[in-house]
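Asker: There's a structure below that I have some questions on.
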Amino acid sequence: MIKLKDLLSEEITSGAIQMGGSDIGREIVSIMTGGGKGYMLDKLSNMDNTFAQYKDSVEFGLQKKIKIGKEIVSRVQIKKTGKDKYSVAYLDWNERGSRPLITKKLIKNVSAKNLPKELKKSVKVG
């Protein structure tokens, strides 16, 4: 079991933002939108206009902060961890409002099938 104190400064994205996107980023977007085409923000509620694709992950902000348990989150990171498996980190800004972000909750081994359900349930993105 992962304890919150062990996660406080952990972010699951790493490296630089991939200009033009990444194959894994496009894969995650396709899963989040049900494979449909069109502008992602028109399809997904509670997602703000900040979206970044990294080599093996994506990060986006929330229009409205959400409370998960006792923790407030405003950012979400999704990283591909294996074939059809993803980790989802729910984060918020540090006290200075800058990076590093603070991980409030981390869920590992979410299947592609369950990823949209997890986002809709936890942060009302869907």
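Asker: With a 10 Å Cβ neighbour count serving as the proxy for reagent exposure, in which order, fewest first, do K105, K65 appear? Intermediate results must be reported in sequence, preceding the final value.
Answerer: On the way: K105 16, K65 13.
Arranged by neighbour count, lowest to highest, K105, K65 become K65, K105.
Asker: Another one. Among I68, G82, I102, whose Cα sits farthest toward the positive end of the charge dipole of the chain (+1 at Cβ of Lys/Arg, -1 at Cβ of Asp/Glu, about the Cα centre)?
Answerer: I68
Asker: Any idea what the dipole of the chain comes to, in debye rounded to 20, about its Cα centre with Lys/Arg Cβ at +1 and Asp/Glu Cβ at -1?
Answerer: Dipole size: approximately 440 debye.
Asker: For labels at K121 and E95 in the simple 7 Å Cα→Cβ model, what's the distance in nm?
Answerer: 3.4
Asker: Can I ask one more? Exposed loop sites here are GluC sites (Glu not before Pro) in DSSP loop states with at most 16 other C-beta atoms within 10 Å. What is the longest stretch of the chain lacking them?
Answerer: The answer is 11-94.
Asker: As a footprinting exposure proxy, order V73, V58 by other Cβ within 10 Å, with the fewest listed first. Walk me through the numbers on the way to the answer.
Answerer: Values: V73 22, V58 26.
By the 10 Å Cβ count, ascending: V73, V58.
Asker: Taking only DSSP H segments of four or more residues, each worth -39500 (n - 2.57), what value at 222 nm results for the chain once the sum is divided by all its residues, to the nearest 500 deg cm²/dmol?
Answerer: Counting only the DSSP helices, I get -5000 deg cm²/dmol.
Asker: Gain in length, N109 to I72, computed as 0.36 nm per residue apart minus the alpha-carbon separation, to one decimal in nm?
Answerer: Values: separation 37, 0.36 × 37 = 13.32 nm, distance 2.24 nm.
Gain on stretching N109 to I72: 11.1 nm.
Computed from the coordinates by the stated procedures, all read-outs in this text should not be read as laboratory data. Here the structure is a predicted model, which means the values were calculated and not measured. Here Cβ is always computed from backbone atoms with ideal geometry, including for glycine, and neighbour counts include all displayed protein chains.
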